[in-house]
Amino acid sequence: TGYVDVDGVQCLLLTDGDYAGDIKSLNYYLKNGVGYNKADNTATEYTVDAEYRLYKNGEALKMAQKGSEGVEVQQNVFYKESELSCYLTSYLCIRYSDDNGATWSAPQLVSAQVKQEGETFIGAAPGRGTVINYNGTERIIFCVYDNTGSLGHDPIFENASTIYSDDNGATWHRGAETKCRSMLTKTSEAQIVELGNGTLRMFARNKGRYVAYADSTDGGHSWTKFRSDLELPSNGNCMISFINAEVDGKKFVIGSYTSNKNNRHDGVISVGVVKGNDIEWINKYYINDGFFAYSCLTQLADGNIGMLYED
């Protein structure tokens, strides 16, 4: 995971110099912004600020920026060849904005709470998360995916799962890893919508020829086995976007994806009516002919639907 337990606290491991070898040789850790020697738990002269920029005896450490001749930047424990740098694995962090995205908080590292041992990769699904009410509590859910199958199932190429918070983002939990039918091969980048009766539906990238989905009845922690939605033909191996929308009091699910089974071509928007814990697909709008890849839908303040997409 890139962390070590120090008196019950997960602390980011560090090494002096860029390093990708045996994790046991990482001789430092970061706690409360101070670098410590792991051998005797004594503080070093190194500190970091909220953005993990590196200081030594209170002085900012500088380095040449990679790939930019003559540009100098402050060292950071996530930068290659800083005097102290973290273990070379995958990390997740969260930032939040209280002013509609004009400014953003310092990064909150959540890897130690949600990343499993043995996962060389864990990534956030592109697009958007969702917020639901679960047992009277507001739950924030984001889809993530890994490439190890390390949560107790047979290893496959990629697996979708979730991270979720019931305390407004202060702490995070990892959901169960999903399974899929063999024709889909994998699940990865995913989006979640809310149906009726507390059911959630996750749509995910896969290697089949249809949009694939799985359902959850426990607030997004565990999921049914993924299956193909035969009404949504697609080149499944591409990111998709699915959202809830409400028009004149009626609940809809709207999805955007590539409708060509063989290539990232021919973008389409499908509209479905939420009926209980299922969706009745009622309309399709064809966006373009030709290249179409990642997309992200939202319902605007005036009720219209907006979409950003790759063309």
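The values are calculated or read from the model by the stated rules, or taken from the named source; none is laboratory data. Here the structure is a predicted model, which is why all the values come from computation and not from measurement. Methodologically, a virtual Cβ is constructed for each residue, glycine included, from the backbone with ideal geometry; neighbour enumeration extends over all protein chains shown. What goes into the accessible areas is simple: the full protein's heavy atoms, side chains included, and nothing from ligands, DNA or RNA. Shrake-Rupley method; radii C 1.70, N 1.55, O 1.52, S 1.80 Å.
Per-structure values
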item: Residues (of a type in the set (A, V, I, L, M, F, W, C) and without any contact (Cβ under 8 Å) to a residue 40 or more places away in the chain) located in the range 68-109; result: Val71, Val73, Phe78, Cys93, Ala102, Trp104
item: Condition broken by Gln108, with the remaining ones in (1) closer than 20 Å to Thr171 by Cβ; (2) surrounded by fewer than 11 Cβ atoms within 10 Å (Cβ to Cβ); (3) of a type in the set (S, T, N, Q) satisfied; result: (2)
item: Pair list, Cβ under 6 Å, 6 or more apart: the range 289-303 residue in contact (Cβ under 8 Å) with a residue 40 or more places away in the chain, other residue in a loop (DSSP other than H, G, I, E, B) and charged (D, E, K, R); result: Ala293/Arg264; Ala293/Glu310; Tyr294/Glu310
item: The range 278-296 - residue that is under 22 Å from Tyr309 (Cα atoms) and among the aliphatic types (A, V, I, L, M) and, of those, least open to solvent (accessible area, probe 1.4 Å); result: Ala293
item: Candidates Gly198, Gly136, Gly175, Gly169 - the one that is within 19 Å of the chain's Cα centre (by Cα) and surrounded by fewer than 21 Cβ atoms within 10 Å (Cβ to Cβ); result: Gly169
